1. List the aspartates and glutamates whose Cα lies under 13 Å from the Cα of LYS3, skipping any in the same chain that are fewer than 8 positions away.
2. Just grab the label-to-label distance for GLN111 and GLU150, each label 7 Å out from Cα along the Cβ direction, in nm (one decimal).
3. Give me the one-decimal nm value for the distance between modelled label points at ALA330 and ARG102, 7 Å along each residue's Cα-to-Cβ direction.
4. Could you name the lysines in cross-link range of LYS115, using Cα to Cα under 24 Å and dropping any fewer than eight places away on the same chain?
5. Can you pull the accessible area of PHE184 for me, 1.4 Å probe, Å² to the nearest 10?
6. Calculate the FRET efficiency for ASP323 and ALA123 from the Cβ-Cβ distance with a Förster distance of 35 Å, rounded to the nearest 0.05.
7. Select from the chain the helices, each a whole stretch of DSSP H, whose alpha-carbon atoms run 27 Å or more along the helix axis and whose Kyte-Doolittle mean is at least 0.0; answer none if there are none.
8. How would ARG306, ARG120, ARG7 rank on accessible area, largest to smallest, probe 1.4 Å?
Amino acid sequence: MAKFVERVFSGVQPTGNLHLGNYLGAITKFVALQETHDCIYCVVDLHAITVAQPPAVLKSNIREVTAAFIASGIDPRKHIVFNQSQVAEHAELAWVFNCVARIGWLNRMTQFKEKAGKDRENASLGLYAYPTLMAADILVYRATHVPVGEDQKQHLELSRDIAQKFNNDFSDSIASNGFGDAFFPLPEPLIQGPATRVMSLRDGSKKMSKSDPSDYSRLNLSDDADAIAQKVRKAKTDPDALPSEIAGLAGRPEADNLVGIYAALNDGSKEDVLREFGGANFSNFKSALVDLAVEKLGPIGAEMKRIQGDIAYIDAVLKDGSDRARVLAAQTMTSVKDILGFVR
Ligand code: AQP
């Protein structure tokens, strides 16, 4: 198999209410990977419009995600930060992938089933094809590693299937164009740590989500200290004390979730948390969690607000990042066209 230069790509949708799940499941990983890899971080606005977005709100949400990236510690000068719609090659490669992916593959995607719900006939075609655009986002940069939350695992597997099928279907042309035995890498998901699936604060069986109608279900990155304290204190728990061993969290989804959140915010493991808090009641543990969450999230929220006040700066970051991303994406598309047999 061909060797690929290691490169990280990931994205966040500008759909509002950026929350602790997005932060712990994805953004903190983005920050850490900057030390070891060339990284491309994208505000995936083309994905956002798979469900209706009021234009003025979308614009503000694109800037909010950009501000969150920078406030969390992503360096847009050393790495690339941009919004997807400024690099047309994402949509162009997605079309090619629509012709590579099989309908049967897309029919198995659970996110479409969940998001389309009972009214499937009325869902947009874009929502259905979301995973082929996601594959294009990653592969237009021939990225090798993709940090995501657990919910994106199935889409990543589909991206690998698409890359593999393209490599197989066009193997002769890939070789004759000088790319050896594979043009696309099979991107590896990076899903690690104690908070790969942060659950709702109101219901430990539901993922913490931007679209949950209850604001008490999530900690937003924009929440101030009072809001964080209120939401953590009201978080659903059970009547028992915290266990001392991981096995004691079985069948206690809300306890498990809060322990995972504490561990991730503290850069430790669930075992560390239980060693410290095993036997404690929830009111003591929640007080410690409020302090930790305010300490970690408070400065990010404040910095986001400051950055969001400077729209010209945010837009300049996105323009610069898009210009640099486009160069890489255009190289891939030129090669893809040659491989497919298009005249250019
Ligand atoms: N609850 C979560 N726990 C851990 N990681 C999560 N992610 C999302 N929710 C959690 C990860 O955050 C990254 C960006 O997600 P996204 O904005 O692209 O899309 P999403 O998964 O649709 O976000 P939401 O909050 O779940 O929105 P709705 O309400 O629309 O369904 C991804 O890496 C994702 O895994």
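The values are calculated or read from the model by the stated rules, or taken from the named source; none is laboratory data. Just so it is clear, the structure is predicted and the values come from calculations on it, not from any experiment. Glycine also receives a Cβ, built like all others from the backbone with ideal geometry; neighbour counts cover every protein chain displayed. For the accessible areas, the whole protein counts, side chains as well, though only heavy atoms, and no ligand, DNA or RNA atoms are used. Shrake-Rupley method; radii C 1.70, N 1.55, O 1.52, S 1.80 Å.
1. Partners within reach: ASP181.
2. So the label points at GLN111 and GLU150 sit 1.6 nm apart.
3. 3.7 nm
4. LYS115 reaches LYS59, LYS153, LYS206, LYS207, LYS210.
5. PHE184 exposes around 0 Å² with every protein chain in place.
6. Numbers: r = 34 Å, r/R0 = 0.97.
Rounded to the nearest 0.05, the efficiency is 0.55.
7. 282-308, 311-340
8. ARG306, ARG120, ARG7
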